[in-house]
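See structure below.
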Amino acid sequence: MVGVLYVHYWNKTPVIENVRVALFFVVSGFLITAILLRARDRGLRSLVVARNFYIRRALRLLPALMIALGVAACFNMADIRASLPFHLLQMTDIYISLTAEPGQWKPWIVTHLWSLNVLERFYLLWPVVVLLLPMPAVVTVTVIAAILPPLVRMNLDALGLREMFYVTFSWGPIAWGALLALLVRRAPQTATRTLTGPMPLLLALATLVLPWFVEQRIGVNEAYRLASNLALCLLVLGACKGYPGAAGRLLSSRAATWISSISYATYVYHMPIWWLAGAVWPQLYPPGPVPFLLLTPLCLTAATLTRVLVELPLERLRLRFPTAPAVTLGPKSVA
């Protein structure tokens, strides 16, 4: 969330711009696959589990999204009404791929939703893969899903696809997160302890910051993206097992937990809020430190109100649709 606000409000051309989205995808792929695998391991491979999964995802994702799109449509922000059906149907990334040119994504107040669209298609398909296919087929599909996107992106011209279709074929990190969940399911404890040790962590961090010290253009190279996906998997695995010391205390603190719970709504709201604030005070354009420092508190406030008034009441409704019994995932207990 911090990376998104920094990039959109302050600095449009960061050195490692792709890492923030990749981290979001790796975390999502890992968590969702881990939950589905535990349901499968407990013999809960029925359509009821898949149905409950879809209901829980809808209750979590749709409220903030519908609020944002509703407000945007009321004000016709950036002429959004002309393309509103695409955004309501979770196809913003398809709209971008079909209509946009590099650096000219429109309508700008919802173009950030492309990553959610890619992830939601994963949510739509993945329960069927994990719950219904034999495990060797699950592994095979996951490996193909991890290696196919970079191959497509490197051959868009040969495939007759517009350059902007690289947006749609960006689900690779989700699959790497899923592969990590498959590894954790079967790997010995000694192996996971080795992978979460100090040296792998330092290697992962060094990989992520490589463009700063070598060449900034490396950040968009497909080989670097692959290496950064692997590095992010190591960081996520370490977080799952629980980091010791100050890092662990910070990540598990009450403040961090609360900010995590409102990060989704913050992400959804931040561009429409910029439009609303800019309509009152045009000096908030273009990006810079002032928009970042002034708009970030507004986003957090709007997300907090949504969490308290809408999402928490729906949390109680989500409990009626379990996907598995309570299980331990790292230091925290999750359903």
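Taking the Cβ-Cβ separation of LEU148 and THR301 as r and a Förster radius of 41 Å, what is the calculated FRET efficiency to the nearest 0.05? After rounding to 0.05, the efficiency reads 0.50. Across the range 252-317 the C-alpha pair distances fall into 5 Å bins from zero in the proportions 3, 17, 24, 21, 15, 10, 6, 3, 0 percent.
Comparing GLY242, GLY177, GLY103 in a Gaussian network model of the chain, where Cα atoms under 10 Å apart are tied by springs, the biggest mean-square fluctuation is seen for GLY103. Ellipticity at 222 nm from helices only: DSSP H runs of n ≥ 4 in the chain, each -39500 (n - 2.57), divided by the residue count, give -22000 deg cm²/dmol.
Residues of the range 34-70 falling in the label zone of MET135, defined by backbone nitrogen less than 12 Å from a point 7 Å along Cα to beta-carbon, are 37-38, 40-43. Across the range 135-155, no residue has a backbone nitrogen under 19 Å from the label position 7 Å along the beta-carbon direction of THR194. Would you work out if the range 215-335 is rounded, prolate or oblate? Take a ≥ b ≥ c from the square roots of the eigenvalues of the alpha-carbon gyration tensor; rounded if a/c is under 1.5, else prolate when a/b is larger than b/c, oblate otherwise. Cα axes put the range 215-335 in the oblate bin. Which of the three applies to the range 171-231, rounded, prolate or oblate, going by the alpha-carbon gyration tensor with a ≥ b ≥ c and a/c under 1.5 meaning rounded? Oblate is the answer for the range 171-231, as a/c is 1.5 or above yet b/c matches or exceeds a/b. Taking only alpha carbon atoms, the range 99-248 gives an Rg to Rh ratio of 1.00, where Rh is the Kirkwood radius. If the chain linking ARG320 and GLU17 were pulled fully straight, counting 0.36 nm for each residue of separation and taking away their Cα-Cα distance, it would gain 105.2 nm. Evaluated at q = 0.11, 0.23 Å⁻¹, the base-10 log of the normalised Debye intensity for the range 1-119, with identical point scatterers placed on the Cα atoms, takes the values -0.49, -1.39. Determine the distance separating the Cα centre of the range 153-170 from the Cα centre of the range 72-133; give it in Å without decimals. Spelled out, the Cα-based centre of one part sits 17 Å from the other. Build a GNM of the chain with springs between Cα atoms under 10 Å apart, and of ALA58, ALA303, ALA246 the one that fluctuates most is ALA246. Take TRP274: with every protein chain present and a 1.4 Å probe, its accessible area is about 10 Å². Taking the square roots of five times each eigenvalue of the Cα gyration tensor of the chain, the equivalent ellipsoid has semi-axes of 30, 24, 22 Å, listed largest first.
Straightening the chain between GLU101 and LEU293 buys 66.1 nm, computed as 0.36 nm per residue apart minus the Cα-Cα spacing. Over the range 131-188, the pair-distance histogram of Cα-Cα distances with 5 Å bins from zero comes to 4, 18, 23, 19, 14, 10, 8, 3, 1 percent, rounded to whole numbers. Shape of the range 230-281 from the C-alpha gyration tensor: prolate (a/c of 1.5 or more and a/b above b/c, with a ≥ b ≥ c the square roots of its eigenvalues). Each 5 Å bin from zero holds the following percent of Cα-Cα pairs in the range 26-71: 5, 18, 20, 22, 15, 10, 6, 3, 1. Each of ILE174, LEU161, CYS240 was scored by the projection of its Cα onto the charge dipole of the chain, and the greatest displacement toward the positive side belongs to CYS240; charges sit on the C-beta of Lys, Arg, Asp and Glu.
The values are calculated or read from the model by the stated rules, or taken from the named source; none is laboratory data. Keep in mind the model is a prediction, meaning the values are calculated, not measured. Positions of Cβ are generated from backbone atoms using ideal geometry, with glycine treated the same way; all protein chains shown enter the neighbour counts. Note: areas computed on protein heavy atoms with side chains; ligands, DNA, RNA excluded. Shrake-Rupley method; radii C 1.70, N 1.55, O 1.52, S 1.80 Å.
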